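One structure below.
The values are calculated or read from the model by the stated rules, or taken from the named source; none is laboratory data. These numbers were taken from a predicted model, which means no experiment stands behind them. Here Cβ is always computed from backbone atoms with ideal geometry, including for glycine, and neighbour counts include all displayed protein chains. What goes into the accessible areas is simple: the full protein's heavy atoms, side chains included, and nothing from ligands, DNA or RNA. Shrake-Rupley method; radii C 1.70, N 1.55, O 1.52, S 1.80 Å.
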Amino acid sequence: GGGGTSGNRGGDGGGGGGSLVIASSGAIAITGSISANGGKGANGEGANPSGGGGGGSGGSIRLLANTLSGNGTLSALGGTGGSGWSSAWGGAGSVGRIRIEAVTLLRTGPTTPPPSIGYPNAVNPTNISTLKITSIGGVSVPAIPKGTFGDPDVILPFNIRNPVTVTVSATNIPVGQTVTIALLPSGGTGSSATGTLSGTDTASTADVALNISSAYPSLITATVTYELSAMNIKDFYIAGEKVERVRVAANLGGKSSVTYITATGREIPAEL
């Protein structure tokens, strides 16, 4: 907002333009106008002298879509200053910011101030996928595992025999997907095994039989990769590339990590 003036009923400052975001997985067509203009500063009133209020700053407009078209007006102007009563007029507010992010940009209409333009950034689905190792050989994994060789999160009974059951839980991953459990010992050769998620798409589990080294401490990880279409999620793009698959990983030493894999094979980590 703009600054007001004091004494002798000076004018109040104008309001700021506010912030507006419109995001679409399909297209946006601007046929009218979108404005986030700052408000005008109030005029000075009453006794002499009384200055005018400052105009409010322009706000922000951000549009994200696969295709953006239409030549309607986009405006984020600063408000004008109010007039003074035998005193100074208020200053005008600064312009705001306009950001356009689209894979296909067909718009050529007026935009004030000029926009910055780029490809859409990642828009994570509301129900992000997670994968977690919950137990190994019947021993529960800590809620916040450290994942270090020197201070193990899980100590198995001395008389346990291979193969050892590793249990994982998943959320928002299609059932029937293959989970890969990998073991990396501090010495010797690693190993891996696979299992299948069962339950529902919103909550599923898998038990995987894995041979675990009894001579060395080991790190165990779980990963699953699925086609985006399996979750009935509409097409979306990152940095101008269509996302086809999602890889979810659970690590002893951190929370789930999600990586988007595009049609060209590019891997882009999601920000969780």
Point to revise | Theoretical FRET efficiency, 1/(1+(r/R0)^6), r = Cβ-Cβ of residue 29 and residue 267, R0 25 Å, to 0.05 | key: 0.15
Review point. Over what distance in Å are the Cα centres of region 77-120 and region 134-204 separated?
Key: 54
Point to revise | Karplus-derived 3J(HN,Hα), 6.51/-1.76/1.60, for each residue of region 142-147, Hz, glycine and proline x | key: x, 4, 10, x, 8, x
Point to revise | FRET efficiency for residue 127 and residue 94, using Cβ-Cβ distance with R0 set to 45 Å, rounded to 0.05 | key: 0.70
Review point. Which length gain, in nm to one decimal place, applies between residue 202 and residue 140 when the Cα-Cα distance is subtracted from 0.36 nm times their residue separation?
Key: 20.1 nm
Exercise for review: Provide the packing ranking of 143-155, 50-62, i.e. peptides ordered by the mean count of other C-beta atoms within 10 Å per residue, highest first.
Suggested key: 50-62, 143-155
Revision key, fill the gap. Taking the dipole of the chain about the Cα centre (Lys, Arg +1; Asp, Glu -1; charges at Cβ), the one of 204, 246, 113 that reaches farthest to the positive side is 113
Practice item. Return the FRET efficiency for the residue pair residue 259, residue 67: r is the Cβ-Cβ distance, R0 is 22 Å, and the value is rounded to the nearest 0.05. Key: 0.25
Review point. By per-residue mean of other Cβ atoms within 10 Å, what is the highest-first order of 183-191, 130-138?
Key: 130-138, 183-191
Point to revise | Ranked by how many other beta carbons lie within 10 Å on average, peptides 20-32, 192-204 from highest | key: 192-204, 20-32
Check your understanding: Given a 1.4 Å probe and the protein chains all in place, what does the accessible area of residue 227 round to, in Å² to the nearest 10?
Key -> 90
